[in-house]
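The values are calculated or read from the model by the stated rules, or taken from the named source; none is laboratory data. Quick caveat: nothing in here was measured; it's all calculated off a predicted structure. As a convention, Cβ positions derive from the backbone with ideal geometry for all residues, glycine included, and neighbour counts pool all protein chains shown.
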Amino acid sequence: MTFPALVRFLYRKVWEADRAEDLAQEAFVRALQHDPENPRAFVFTVAANLARDEARTAIRRRKHLALVQAEQPLAAAESPADDLERRERERAVQAALGQLSERDREVLLLWDAGLDYDEIAKQTGLARSAIGTTLSRARRRLVEAHRGLDGRVGAGGGA
């Protein structure tokens with residue numbers, strides 16, 4: 001159950017399904033080498049660090065555009081129209097997530113991956129008591145960012 005959640009978490013960081021799976025496998029290999037007390041939290045921490053390192057490398061090489069392209073979908077579409085609609089939704093979510101602060105994005109993605117408040121607090125360094133409030137505000141900001149993008153697309157500002 002942890003592997004699919006970890007791949008989903010990483011996919012929303014690197015936006016490439018194959019790369020997300022590779023990073024998840026690497027995180028598990030490192031967990032096996034360290035025998036951590038809390039394996040699940042450890043794998044998510046390692047995975048987040050791997051994704052962050054990869055992003056920094058890409059930026060240094062001026063390849064940051066590859067990080068925002070969804071090259072491989074996680075699920076196959078039923079028709080070309082469904083595929084196009086799904087890709088448009090993915091781009092809108094990517095753009096909305098991109099407008100959030102690093103902390104808000106991290107907390108949302110960890111929660112979505114199934115981590116509990118204690119695990120999120122350990123991963124992010126936030127107090128456990130702050131996780132609920134941070135999640136609530138991050139969700140609100142995500143919805144607002146998404147609505148703002150919908151407004152621009154509806155006004156002719158989309159691609």
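From the set of residues in the range 110-159 that are among the hydrophobic types (A, V, I, L, M, F, W, C), assigned to a helix (DSSP H, G or I) and exposed (fewer than 13 other Cβ atoms within 10 Å of the Cβ), which is modelled with the highest pLDDT?
Val143
Just one of (1) modelled with pLDDT of 70 or more; (2) exposed (fewer than 13 other Cβ atoms within 10 Å of the Cβ) trips up Glu71, so point out which. Single failed check for Glu71: (1). Among the conditions (1) more than 18 Å from Gln123 (Cβ to Cβ); (2) not in a helix (DSSP H, G or I), the only one that Glu37 does not satisfy is (1). Among the candidates Arg52, Arg105, Arg61, the residue that is at pLDDT 65 or above and over 16 Å from Arg141 (Cβ atoms) is uniquely Arg52.
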